[in-house]
């Protein structure tokens with residue numbers, strides 16, 4: 001393998017296509033066949049999960065949190081208001097088995113509270 005300094009490579013600034021470069025042909029699906037798509041891969045992956053579909057999980061929708069000392073906690077009674085760390089309209093956290101997996105909004109479904117997910121949290125995006 002030669003050193004980088006021995007290579008004769010054109011400079012690319014990312015703004016204009018190389019005039020000397022050959023055009024890239026459009027790809028066509030194979031004759032008589034189908035093209036695998038990302039959606040197909042998702043369906044295969046979901047199908048692979050069939051054995052765990054019946055495994056119960058604990059889902060929690062956290063409206064907000066607060067820190068309170070025991071003296072104040074003991075003074076709470078019916079009708080007391082506890083101020084949380086969230087503002088009205090701010091997304092709530094959705095946990096599955098104590099792991100943050102999504103954020104969402106509170107909705108009313110047939111006179112019951114529900115949650116609609118607005119954002120899925122990927123690994124490491126929890127804060």
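Bear in mind that the values in this text are calculations on the coordinates, not laboratory data. Every value quoted in this text rests on a predicted model; they were computed, and no experiment measured them. When we count neighbours, we look across all protein chains shown, and the Cβ atoms used for this are built from the backbone with ideal geometry, even at glycine.
Compared with the direct C-alpha span, the chain from residue 78 to residue 63 gains 3.5 nm at full extension, assuming 0.36 nm per residue. The modelled label-to-label distance for the pair residue 111/residue 86, using points 7 Å beyond Cα in the direction of Cβ, is 2.4 nm. Counted residue by residue at 0.36 nm each, then reduced by the alpha carbon distance between them, the extension gain from residue 70 to residue 99 reaches 7.7 nm. When you restrict to C-alpha pairs under 8 Å that are six or more residues apart and normalise by the size of segment 69-126, the relative contact order lands at 21 percent.
Taken over segment 56-127, the percentage of Cα pairs per 10 Å bin, counting from 0 up to the bin with the maximum distance, is 17, 40, 32, 12.
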